[in-house]
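In what follows, a structure is listed as structure tokens, so that the remarks can point back to it.
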Amino acid sequence: MVLSPPENYWNVRLEQTRKALVHNGFAASIHADVNDASAHVIANIIPEAGLKSVGFGGSATVKGSGIIPKLKQLAGFTVLDSTDPALSREEVLALRRESLLADMYLTSSNAVTVDGKLVNLDKMGNRVASIHFGPRKVLLMVGRNKICADEANARSRVKEIATPINAMRLGGKTPCSITTRCTDCNTQDRICGVWTITEKCFPQGRIHVLLINQDLGY
């Protein structure tokens, strides 16, 4: 089958990124779509690693994937769902802390560079804390639109695209949610608090990046 130029571009780009991530100690796999990625998590990663519980971060990609309801159907598997609207603020924070000790943490990355680095920006830091330490296994579902040429490009993407859109999604009253431009605000609704750049994965393979050949999330 002859690939179109866009199809060939993304195949090459994804494979370059996968190889770089593996070189940096991450586990990485490429998936045709989000359904394929979700199926791989459930059929292979969870049983092979003997995982029994999962926490997850505030990720539009994960939410849109439909994987959480599927995980809740697994026998003997616990889903720490801090997104339940019936929970109080105290209960939400308690579940986020508990997620630090879950077998698995599921989220996305704001950006991934072609040379195999993760670039993230959090409000309080619970998501990036779980990515870097605590859960035995971390799974990042990453759409191809989040692949960036380098760290500088990744930071720009986070500030110019991901943050304004997420501020809008969350109903935040920040300048960027109105103008789409960062003004380094000092508002209560600011969602930019903690930058992390993950250059290497220790222990090797603990963080698994599922690179998905679709535009997903923000």
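Tabulated data for the structure shown
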quantity: Residue under evaluation G58, criteria (1) assigned to a loop (DSSP other than H, G, I, E, B); (2) in contact (Cβ under 8 Å) with a residue 24 or more places away in the chain; (3) over 20 Å from K146 (Cα atoms), criterion not met; calculated: (3)
quantity: Among the residues listed as A154, A149, the single one being among the hydrophobic types (A, V, I, L, M, F, W, C) and open to solvent by less than 20 Å² (accessible area, probe 1.4 Å); calculated: A154
quantity: Subset of the range 75-98 (residues that are closer than 23 Å to L216 by Cβ and modelled with pLDDT of 95 or more); calculated: V79, L80
quantity: Matching option when the condition is at pLDDT 95 or above and of a type in the set (A, V, I, L, M), among A37, A60; calculated: A37
quantity: Every residue from the range 67-78 that is open to solvent by 30 Å² or more (accessible area, probe 1.4 Å) and in contact (Cβ under 8 Å) with a residue 12 or more places away in the chain; calculated: K70, L74, G76, T78
quantity: Those residues of the range 189-218 which are surrounded by 14 or more Cβ atoms within 10 Å (Cβ to Cβ), among the hydrophobic types (A, V, I, L, M, F, W, C) and in a loop (DSSP other than H, G, I, E, B), in sequence order; calculated: I191, C192, C201, L216
quantity: Count of residues meeting criterion [modelled with pLDDT of 95 or more and of a type in the set (S, T, N, Q)] in the range 119-129; calculated: 1
quantity: Of all residues making up the range 129-159, the number that are under 26 Å from D81 (Cα atoms), in a helix (DSSP H, G or I) and not charged (D, E, K, R); calculated: 5
quantity: Selected residue (criterion: least open to solvent (accessible area, probe 1.4 Å)) from residues of the range 157-188 that are farther than 26 Å from D215 by Cβ and in contact with a helix residue (DSSP H, G or I) (Cβ under 7 Å, 6 or more places away or on another chain); calculated: C185
quantity: Contacts under 7 angstrom Cβ, first residue in the range 203-218 being of a type in the set (S, T, N, Q), partner not in a loop (DSSP other than H, G, I, E, B), 6 or more apart; calculated: N213/W10; N213/L14; N213/I30; N213/H31; N213/R144; Q214/V34; Q214/G143; Q214/R144
quantity: Selection from the range 32-65 of residues that are open to solvent by less than 60 Å² (accessible area, probe 1.4 Å) and over 17 Å from L140 (Cβ atoms); calculated: G50, S53
quantity: Residue count for the range 82-128, restricted to those that are open to solvent by 70 Å² or more (accessible area, probe 1.4 Å), part of a loop (DSSP other than H, G, I, E, B) and either in contact with a Gly (Cβ under 8 Å, 6 or more places away or on another chain) or touching a residue at least 40 places away in the same chain (Cβ under 8 Å) (or both); calculated: 5
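The values are calculated or read from the model by the stated rules, or taken from the named source; none is laboratory data. This one's a predicted model, so the numbers in the text were calculated from it and none came from an experiment. Virtual Cβ from ideal backbone geometry, glycine too; neighbours counted across all protein chains shown. For the accessible areas, the whole protein counts, side chains as well, though only heavy atoms, and no ligand, DNA or RNA atoms are used. Shrake-Rupley method; radii C 1.70, N 1.55, O 1.52, S 1.80 Å.
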